[in-house]
Amino acid sequence: MENRRDWLKKALAASAAFPLGASLMTELMAAPVSDAERRFMASGASGQITIRLNANENPYGPSPKARAAIAGMLGEANRYPSNSVEELKKLLAEKEGVTSGHILVGAGSSDLLCAAGVAFGVEEGSILSAFPTFPMLMNYSTVFNARWDKADVNDKLETDYPLLASKVNDNTRLVYVCNPNNPTGTFTDPSVVKGFCEEVSSRVPVFADEAYLEFLQPSWQVSMVDLVRRDMNVIVARTFSKIHGLAGLRIGYIVARPDIAKKISRYHPGIPCNQAGLAAATASLGDTEFMASVRQKNAHARKHLTDYLDAKKYFYGNPAGNFVMFKPESDAYQLMNALGKKGIGIRVWDYKDKQWCRVSIGTLEEMRTFTHAMESLS
Ligand code: PLP
């Protein structure tokens with residue numbers, strides 16, 4: 001069976017030209033991360049999924065304010081969104097305490113992870129990350145000849161920051177960290193992450209992906225943006241896809257020193273965002289009431305799942321976001337397939353010769369459906 005790297009290379013060869021073709025982008029974004037997923041996708045069963053516990057989406061949809069903003073912008077749909085991008089950048093700069101020159105807005109944060117993957121991947125060294133983690137940036141950099149160096153997560157499925165720091169070497173071009181980490185769901189005390197970023201960024205740039213930060217209790221929501229404000233070699237990525245429920249409208253951003261933002265923007269297409277997404281993101285920004293309500297519903301539905309996993313004595317990473325990774329008792333492909341036949345989608349990772357299931361947190365009703373399905377299959 002072709003390995004992942006060959007598969008990516010083939011995808012690259014199939015793409016017409018640089019910048020990346022849309023088909024390559026789509027394929028890399030939907031890349032299977034395990035043998036079970038490759039078999040599941042090949043079987044065509046993924047088409048039957050109606051309960052989507054496979055993409056860490058927000059099941060509650062956009063906030064009322066975002067919905068109103070989308071409806072209100074329709075008259076502007078004939079206009080290119082250059083002004084709206086600049087307006088959102090200004091608001092984000094204010095929120096983050098930086099200048100507009102520190103901000104890049106993209107079609108979801110994936111768009112900017114990919115651009116960063118290319119910007120640092122073409123330097124032909126290695127990109128270092130924990131493993132398993134969200135692979136998007138590394139997928140892109142390996143297509144552009146970088147090596148992906150990995151530091152296994154610890155026994156609790158948490159990013160092992162001391163191990164990661166020990167693996168930085170002269171070939172390292174960038175270190176990617178993700179807190180809370182996808183797919184393991186685990187969270188590391190921000191003071192540890194900050195200490196790591198401060199130390200390591202004096203040698204190489206650190207990319208801190210904070211896609212799930214807002215699912216934490218407010219006192220734990222400590223962004224690494226503070227380090228960007230202190231002019232450090234740190235890049236922070238945020239997204240409107242998760243707590244804001246705008247994954248389908250594709251808005252994310254990064255905050256970085258203007259020289260680093262410029263370096264990444266060289267590999268980023270001109271106007272990737274759409275008016276509807278920009279209007280929704282602008283309206284959703286700072287909507288603490290909506291975020292608190294999603295956070296609370298997510299925690300409640302997540303507890304239903306972890307109570308079930310505890311009762312059945314599954315091993316899982318202590319979850320901080322809107323997903324949980326656990327070790328299944330039986331073959332993960334069989335489980336994925338059986339759940340798929342019931343219309344439930346999950347993800348499966350290969351890690352240390354074992355299979356790991358990642359279940360996204362849907363509504364409480366969806367999580368009840370999931371645990372009933374698990375019961376019926378056990
Ligand atoms: N970063 C992490 C850690 C993710 O898990 C995801 C999506 O699941 C993304 C970034 C990309 O999100 P988006 O492109 O929708 O902003």
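The values are calculated or read from the model by the stated rules, or taken from the named source; none is laboratory data. Nothing here was measured: the structure is a model prediction, and the numbers come from that model. No Cβ is skipped: glycine too gets one built from the backbone with ideal geometry, and neighbour counts run over all protein chains shown.
Consider the stretch 350-370. How many of its residues are more than 13 Å from residue 328 (Cα to Cα) and at pLDDT 95 or above?
11
Conditions first: (1) farther than 23 Å from residue 241 by Cβ; (2) not in a loop (DSSP other than H, G, I, E, B). Residue 300 passes all but one, so which condition is the exception?
(1)
Just give me the residues in the stretch 218-233 being touching a helix residue (DSSP H, G or I) at 6+ places or on another chain (Cβ under 8 Å), more than 16 Å from the ligand (Cβ to nearest atom) and not in a helix (DSSP H, G or I), in sequence order.
Once the filter is applied, which keeps residues that are touching a helix residue (DSSP H, G or I) at 6+ places or on another chain (Cβ under 8 Å), more than 16 Å from the ligand (Cβ to nearest atom) and not in a helix (DSSP H, G or I), the stretch 218-233 yields 222, 232, 233.
Of the residues that make up the stretch 303-314, is at least one surrounded by fewer than 23 Cβ atoms within 10 Å (Cβ to Cβ) and among the aliphatic types (A, V, I, L, M)?
Checked the stretch 303-314: at least one residue is surrounded by fewer than 23 Cβ atoms within 10 Å (Cβ to Cβ) and among the aliphatic types (A, V, I, L, M).
Does residue 160 qualify as being over 14 Å from the mean Cα position of the chain (by Cα), in contact (Cβ under 8 Å) with a residue 40 or more places away in the chain and more than 15 Å from the ligand (Cβ to nearest atom)?
No; evaluated as a whole, the condition is false for this residue.
Suppose the filter is outside any loop (DSSP other than H, G, I, E, B) and under 22 Å from residue 364 (Cβ atoms); does residue 293 pass it?
yes
Would you check which residues across the stretch 89-121 are out of contact with any helix residue (DSSP H, G or I) (no Cβ under 8 Å at 6 or more places or on another chain), in contact (Cβ under 8 Å) with a residue 40 or more places away in the chain and more than 15 Å from the ligand (Cβ to nearest atom) and list them?
95, the sole residue that qualifies.
Since residue 269 meets every condition but one in (1) under 18 Å from residue 103 (Cβ atoms); (2) within 15 Å of the ligand (Cβ to nearest atom); (3) surrounded by 18 or more Cβ atoms within 10 Å (Cβ to Cβ), which condition does it not meet?
Failing condition for residue 269: (3).
Against the conditions (1) surrounded by fewer than 18 Cβ atoms within 10 Å (Cβ to Cβ); (2) assigned to a helix (DSSP H, G or I); (3) within 20 Å of the chain's Cα centre (by Cα); (4) not basic (Lys, Arg), where does residue 259 fall short? Just the number, please.
The number of the failed condition is (3).
For the stretch 324-343, check the following and say yes or no: at least one residue is in contact with a helix residue (DSSP H, G or I) (Cβ under 7 Å, 6 or more places away or on another chain), crowded, with 19+ Cβ neighbours inside 10 Å, under 20 Å from residue 41 (Cβ atoms) and of a type in the set (S, T, N, Q).
Taking every residue of the stretch 324-343 in turn, none turns out to be in contact with a helix residue (DSSP H, G or I) (Cβ under 7 Å, 6 or more places away or on another chain), crowded, with 19+ Cβ neighbours inside 10 Å, under 20 Å from residue 41 (Cβ atoms) and of a type in the set (S, T, N, Q).
Take residue 237 and tell me if it is among the small types (Gly, Ala, Ser), within 16 Å of the ligand (Cβ to nearest atom), surrounded by 19 or more Cβ atoms within 10 Å (Cβ to Cβ) and more than 13 Å from residue 159 (Cβ to Cβ).
When the stated conditions are applied, residue 237 passes them.
Please go through the stretch 163-187 and give me each residue that is within 16 Å of the ligand (Cβ to nearest atom), part of a loop (DSSP other than H, G, I, E, B), more than 12 Å from the chain's Cα centre (by Cα) and farther than 11 Å from residue 153 by Cβ, ordered by number.
Correct list: 187 only.
Within the stretch 262-303, how many residues turn out to be within 20 Å of the chain's Cα centre (by Cα), among the small types (Gly, Ala, Ser) and at pLDDT below 95?
Final tally of qualifying residues: 0.
Could you tell me whether any residue of the stretch 315-323 is touching a residue at least 12 places away in the same chain (Cβ under 8 Å), buried (at least 18 other Cβ atoms within 10 Å of the Cβ) and within 27 Å of residue 229 (Cβ to Cβ)?
yes
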